[in-house]
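Asker: Handing you this structure, nothing more for now.
The values are calculated or read from the model by the stated rules, or taken from the named source; none is laboratory data. All values derive from a computational prediction rather than experimental measurement. When we count neighbours, we look across all protein chains shown, and the Cβ atoms used for this are built from the backbone with ideal geometry, even at glycine. The protein model used for the area step is the full one, side chains on, heavy atoms only, and it has no ligands, DNA or RNA in it. Shrake-Rupley method; radii C 1.70, N 1.55, O 1.52, S 1.80 Å.
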Amino acid sequence: MPPRQADDYADESDSDIDILEDSGNRSKKGKGKAIDRSKKDKGKGKSSEQPYAWEASYTRSWDTVQEDEAGSLTTAVADLLARNRRRRLLAPADAIRRTIIRHLIIILDLSLSMLDRDMRPTRFDLSLEYAREFIVEWFDQNPLGQIGLVGMRAGLGERLSEMSGNPQDVLKAISERHRLEPAGEPSLQNAIEMARGSMGHLPTHSSREILIIFGSLTTVDPGNILETLERCVQDRIRVSVVALAAEMKVCREFCDKTGGQFGVAMNEGHFKDLLFELIPPPAQRALSRAAGAGANKPDADLMMMGFPVRLPDTSPPALCVCHSELKSEGFLCPRCSAKVCDVPTDCDICGLMIVSSPHLARSYHHLFPVKPYQAVTTLEEGSAFAKSCHACARSFPDAPLASSTATAEGMSPIGRYRCPDCQHDFCTECDVFIHDVVHCCPGCGK
């Protein structure tokens, strides 16, 4: 038998024949194995230096959390959460013309790709959970808006809920999970056409938005989807997409050409952040006038609204114009005295927009937001400063709470945030609470 070449010794095999044939050359074979294993270990080292995208966020995450003097991680975790909340408040707070009367259609992907478990427990269950939280928060921030639901599965678009201003009606449509079981492939064109058809009657002063939660990499369309994109641009419909798998060119084109937002969720937390970024009303796009001095400025048109009369539970039952059911409680249209179940809504008889005054007042904070508080970095000696928070009267800590690197992120190392108008100091919790919930400074009333 001719002798083997040196390259043959590097070949690892579990065959019994190879073991018998090479029994006399164990030393040489061992050397070949050692060389080959070192090469393999070197390759493994290179791959470990470049982890996958879904592993990057968890690589050595324990280094970012340090124990405090008492050996507890509570302070470090609270500091990380405060930085994330503070980062949202650093957005520009200038007065921007926004659309406070919004109409949104949420398109849910109900295809088989939503059963993947790369997001726990599955993409489908996580999407339903975040959709419920999104709907509740969206109605809280946009009380004059309305939401409708559309699902896409088996190559069709299914209407899950009509456009409604009552969050309970919208949540009820996605509460029954057995009716939303994923099946087949999605169809972007059918779902967008169904959503576009339900918003054709809306007035021009309200926004038309579509939010797509898309988890597939394919779409089964009956025609040219680019024609649907052109119709959405003509109808001034803003399309936003939150992708759970990867970026698709057609989804990116829909968002870019219609003025929407596009994002690919890297993990569960990022998925929720992408959804909640769409809660504030978008800036209104300028409508150029035909001619004149204000050709580049948007028109300011007045809208007619009606404040209804609320009927108590003891009132005699009457048919409502929205569901044709006998009910005692409800609201009366101030123009035609028709009875509706909930507000805000449009009267089915005279077409008047019926709203309540608290809903209208709550929508103004988007038009006139509270100015971001300035982070106080140091306390000058000899200057007068408050010892407690102006809102909750809790005493400020004497020692610094964070490192100096937090100053670049908008965090105060001493836990003080000052209003630029009234010059009052507030703690971290009150700073976030004022900007997220109250929307009015307790010190100056602005």
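Asker: Counting only residues that are over 17 Å from Arg153 (Cβ atoms) and free of Cβ contacts under 8 Å to residues at least 12 places away in the same chain, which one in the stretch 98-124 is most open to solvent (accessible area, probe 1.4 Å)?
Answerer: Applying the first criterion (over 17 Å from Arg153 (Cβ atoms)) to the stretch 98-124 yields 98-104, 117-121.
Next, only the ones that are free of Cβ contacts under 8 Å to residues at least 12 places away in the same chain stay: 117, 121.
Values: Arg117: 150, Pro121: 64 Å².
Step by step, filter the stretch 98-124, then rank; the result is Arg117.
Asker: Look through Gly148, Gly165 and report the one residue that is modelled with pLDDT of 90 or more and open to solvent by less than 20 Å² (accessible area, probe 1.4 Å). Explain how you work it out, then say what you get.
Answerer: Working: Gly165 fails: modelled with pLDDT of 90 or more.
Of the residues listed, the single one that is modelled with pLDDT of 90 or more and open to solvent by less than 20 Å² (accessible area, probe 1.4 Å) is Gly148.
Asker: In addition: Kindly list the number of the only condition in (1) within 18 Å of the chain's Cα centre (by Cα); (2) open to solvent by 40 Å² or more (accessible area, probe 1.4 Å) that fails for Gly263.
Answerer: (2)
Asker: Search the stretch 395-427 for residues being modelled with pLDDT under 85 and of a type in the set (S, T, N, Q), and hand back the single one that is least open to solvent (accessible area, probe 1.4 Å). Steps first, please.
Answerer: Of all residues in the stretch 395-427, those modelled with pLDDT under 85 come to 397-415.
With the extra rule that they be of a type in the set (S, T, N, Q), the set shrinks to 403-405, 407, 412.
Numbers: Ser403: 59, Ser404: 95, Thr405: 91, Thr407: 61, Ser412: 5 Å².
This residue is Ser412.
Asker: If you check every pair at least six apart or on different chains, which have Cβ atoms under 6 Å apart with a residue in the stretch 306-319 that is at pLDDT below 90 first and a residue that is not polar (S, T, N, Q) second?
Answerer: So the pair list comes out as Asp313/Glu329.
Asker: Looking at (1) touching a Gly at 6+ places or on another chain (Cβ under 7 Å); (2) open to solvent by less than 40 Å² (accessible area, probe 1.4 Å); (3) closer than 26 Å to Pro143 by Cβ, which is the only condition Val170 fails?
Answerer: The failed condition is (1).
Asker: Shifting gears a bit: Tell me whether the stretch 208-222 contains one or more residues that are open to solvent by 70 Å² or more (accessible area, probe 1.4 Å), aliphatic (A, V, I, L, M) and on the phi < 0 side of the Ramachandran plot.
Answerer: Checked against the condition, which is being open to solvent by 70 Å² or more (accessible area, probe 1.4 Å), aliphatic (A, V, I, L, M) and on the phi < 0 side of the Ramachandran plot, the stretch 208-222 yields at least one hit.
Asker: Here's a follow-up. Residues of the stretch 334-344 being open to solvent by less than 40 Å² (accessible area, probe 1.4 Å) and either under 21 Å from Pro167 (Cα atoms) or outside any loop (DSSP other than H, G, I, E, B) (or both), which ones?
Answerer: Within the stretch 334-344, the subset open to solvent by less than 40 Å² (accessible area, probe 1.4 Å) is 338-341, 343-344.
Of everything in the stretch 334-344, those that are open to solvent by less than 40 Å² (accessible area, probe 1.4 Å) and either under 21 Å from Pro167 (Cα atoms) or outside any loop (DSSP other than H, G, I, E, B) (or both) turn out to be Lys339, Val340, Cys341, Val343, Pro344.
Asker: Output yes when any residue across the stretch 277-292 is touching a Leu at 6+ places or on another chain (Cβ under 8 Å), modelled with pLDDT of 90 or more and in the same structural domain as Ile213 (by TED's automatic domain parsing), and no when none is. Break it down stepwise before answering.
Answerer: Start the filter on the stretch 277-292 by keeping residues that are touching a Leu at 6+ places or on another chain (Cβ under 8 Å), which leaves 278.
Among the residues that remain, those that are also modelled with pLDDT of 90 or more are: 278.
Going one step further and asking which of them are in the same structural domain as Ile213 (by TED's automatic domain parsing), we end up with 278.
Yes, there is a match, as at least one residue in the stretch 277-292 is touching a Leu at 6+ places or on another chain (Cβ under 8 Å), modelled with pLDDT of 90 or more and in the same structural domain as Ile213 (by TED's automatic domain parsing).
Asker: Another one. Before we move on, is Gly263 under 22 Å from Trp138 (Cβ atoms), among the small types (Gly, Ala, Ser) and touching a helix residue (DSSP H, G or I) at 6+ places or on another chain (Cβ under 6 Å)?
Answerer: On the way: under 22 Å from Trp138 (Cβ atoms): yes; among the small types (Gly, Ala, Ser): yes; touching a helix residue (DSSP H, G or I) at 6+ places or on another chain (Cβ under 6 Å): yes.
Considered against the rule, which asks whether it is under 22 Å from Trp138 (Cβ atoms), among the small types (Gly, Ala, Ser) and touching a helix residue (DSSP H, G or I) at 6+ places or on another chain (Cβ under 6 Å), Gly263 comes out as yes.
Asker: If I filter the stretch 125-136 for residues that are open to solvent by less than 10 Å² (accessible area, probe 1.4 Å) and in contact with a Lys or Arg (Cβ under 6 Å, 6 or more places away or on another chain), do I get at least one hit?
Answerer: Narrowing the stretch 125-136 to residues open to solvent by less than 10 Å² (accessible area, probe 1.4 Å): 126-128, 131, 134-135.
Checking which are in contact with a Lys or Arg (Cβ under 6 Å, 6 or more places away or on another chain) leaves us with none.
No.
Asker: May I pose another question? Hey, among the residues in the stretch 242-260 that are touching a Lys or Arg at 6+ places or on another chain (Cβ under 8 Å) and on the phi < 0 side of the Ramachandran plot, which one's surrounded by the fewest Cβ atoms within 10 Å (Cβ to Cβ)? Let's see the steps before the verdict.
Answerer: Step one: filter the stretch 242-260 for residues touching a Lys or Arg at 6+ places or on another chain (Cβ under 8 Å), giving 244, 258-260.
From the residues that got through so far, the ones that are on the phi < 0 side of the Ramachandran plot too are 244, 258, 260.
Numbers: Leu244: 23, Thr258: 19, Gly260: 21.
It comes out as Thr258.
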